[in-house]
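*Asks:* What follows is a structure written as structure tokens; I'll ask about it next.
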Amino acid sequence: MSTAEEFETKPVTPKQLQGPKTFAASYAGEHVAGTEFVIGALFVAWGVGAADVLVGLLFGNLLAVLTWGLITAPIATDTRLTLYAYLEKIAGPGTIKLYSVVNGILFCVLAGAMITVSASAVRILFGIEDQVGYFPTDMRFVLVVLGVGAVVVYMAVKGFKKLAAFAEVCAPWMILMFFVGALVMMPTTVAATAGVEGINSFNDFLTVAGESIWQDTDGEVGIWHVIAFAWVANLAMHGSLGDMTLLRFAKSPKYGYFSALGMFIGHYMAWVCAGIMGAGAAIILKTSIAAIDPGSVAYTALGASGILAVIIAGWTTSNPTIYRAGLAFSSLNHTWGRTKVTIVVGIITTIIACSPFVFSGLLGFVGYMGLLLAPVGAIIVAEHWIFPKIGLTRYWSSYKGNTTNIAAFVTWIVSMIAGIAVEQAGLLHLFFILVPMWIFSTLMYIVLASLMGAKDTYPQAIVAEKVEIERKAAEAQFLSSPQTQQVASDKKDPINSKVAKYISWTALLACLYMGVMSYVNQDIETITTWLIVPTLIYFVTATYAYLAKDSDE
């Protein structure tokens, strides 16, 4: 796949489609991120009860997976276009320019938060104090951010396949580190719980969780807020269709359900484990969880491996986020090219990341991000699926020769203003606004489009539909051809790649064994000192296995 031109304006060709492993690794890697340390700790600081957290995250993440699987992936694989290319087809160049600027800025801030999280780990190596305020208190932290940002931007410039490769290597170890960190910190939380000497049953765990980790303060935040947040956290990617950019490469719309790896292993498991690590670290450091950053939490639990975990966790999410931001801004002018735009976007993002406020205010930002982008998702879903069912014409505005789809533009702006007004007036919590706003946007767009020309028939629509049918038929024929299936089945790893892979998995088992023994023996020091050894063995052998397999192909 070309790194300079990744089909920003045209449908992805059949030869460029990716198999399931790519998306499994991408979702598992991207959603086991540095922000999980922030969010996991936030539920502790919010004063949400243990049962509300454990049950609320289950249902909220399920809603997110269903949104990816039932909405985002089917539209992405049907059109094979980026979100920006498809929105331009529906809403016109005028709308897409404003949307691309808004979306690009939001992705820059989000990626900046990930870079800041990674930098919170690197700063430990230089003896820099925790950075939990709105602005940095040590110029050395700024230099650390610039260094981390440079690596992230380089990876984003290399394109989708390089991002997936990076995630494929990092994801298994990253997932394991959250679990090991929770095992290491559990004895500390048990020791702080009166009447419990160990975890001998699930009831013991709930007692420890309720008294020493997620202490219910009877505040306003409860199970419905947790459910809503777990769904809203990635609304920009699923409900607002941002992941069309990645899922357009999927051979099957079913690959959208691989988001379950990110939601239940990444979000559910990682948020729970991060909460345990954060509570334990706060107990050991004799401070509140709000006074320590992700770097301190991970370092307290895992030592040098914790530093590496936070760095990599930030990278695996900031990389594809900058990639998305680059696509957003490159859609403003197709002659700019994604590579040049991504470099500029990366520089801006890194500058934003120098201020720690980008992750300390992450929760409110994620909610507003969904609020600003959700109406566009509603417009696309309405035009793609609802219009043909109710006798309206898809892409009617472009057939009329409009540079801006006024119906779409007005719907988006009015919906955003209405959502912000409702939130500011305190009528609904930010996380609860998005569903009624989606419904409002859908109905408003259907009415306005009907009045402005969507009811009419256009000769261009017949021609365009014929072209699409031919493209889809050619794609289906390619994917079902014996040659394509034979190539897929004939691919085998070379022997040196297999050996390296076996060693890497043995290293992961060693990490898990050390975590279990730390829990059994209540020994934190061994983990913080020696866990780095199997960690380094894993990365050397896993990277070699991937490169050996890649060069053989």
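The values are calculated or read from the model by the stated rules, or taken from the named source; none is laboratory data. In this text the structure is predicted, and so the values were computed from the model without any measurement. Don't worry about glycine lacking a Cβ; one is built from the backbone with ideal geometry, like all the others, and counts go over all protein chains shown. Heads up: the accessible areas ignore ligands, DNA and RNA and are worked out on the full protein's heavy atoms, side chains in. Shrake-Rupley method; radii C 1.70, N 1.55, O 1.52, S 1.80 Å.
*Asks:* Among the residues of segment 126-136, are any hydrophobic (A, V, I, L, M, F, W, C), in a helix (DSSP H, G or I) and without any contact (Cβ under 8 Å) to a residue 24 or more places away in the chain?
*Replies:* No.
*Asks:* Let me ask something else. Any residue at all in segment 267-275 that's touching a Phe, Trp or Tyr at 6+ places or on another chain (Cβ under 7 Å), among the aromatic types (Phe, Trp, Tyr) and open to solvent by 10 Å² or more (accessible area, probe 1.4 Å)?
*Replies:* no
*Asks:* With respect to Ile175, determine if the residue is out of contact with any strand residue (DSSP E or B) (no Cβ under 8 Å at 6 or more places or on another chain), open to solvent by 30 Å² or more (accessible area, probe 1.4 Å), within 21 Å of Gly40 (Cα to Cα) and part of a helix (DSSP H, G or I).
*Replies:* Numbers: out of contact with any strand residue (DSSP E or B) (no Cβ under 8 Å at 6 or more places or on another chain): yes; open to solvent by 30 Å² or more (accessible area, probe 1.4 Å): yes; within 21 Å of Gly40 (Cα to Cα): yes; part of a helix (DSSP H, G or I): yes.
Yes.
*Asks:* On to the next question. Quick check, is Ile322 in contact with a Gly (Cβ under 8 Å, 6 or more places away or on another chain) and surrounded by fewer than 24 Cβ atoms within 10 Å (Cβ to Cβ)?
*Replies:* No.
*Asks:* So in segment 197-227, with the set limited to residues that are assigned to a helix (DSSP H, G or I), of a type in the set (A, V, I, L, M) and open to solvent by 10 Å² or more (accessible area, probe 1.4 Å), which one is farthest from Thr67 (Cα to Cα)?
*Replies:* Top of the filtered list is Leu206.
*Asks:* Taking only pairs six or more apart or across chains, which ones have beta-carbon atoms under 7 Å, a first residue in segment 222-244 that is under 13 Å from Leu57 (Cβ atoms), and a second residue that is part of a loop (DSSP other than H, G, I, E, B) and open to solvent by 20 Å² or more (accessible area, probe 1.4 Å)?
*Replies:* His225/His429
*Asks:* Something else about it: Any idea which residue in segment 421-465 is surrounded by the fewest Cβ atoms within 10 Å (Cβ to Cβ), counting only those that are of a type in the set (S, T, N, Q) and part of a helix (DSSP H, G or I)?
*Replies:* For segment 421-465, the residue satisfying everything is Gln424.
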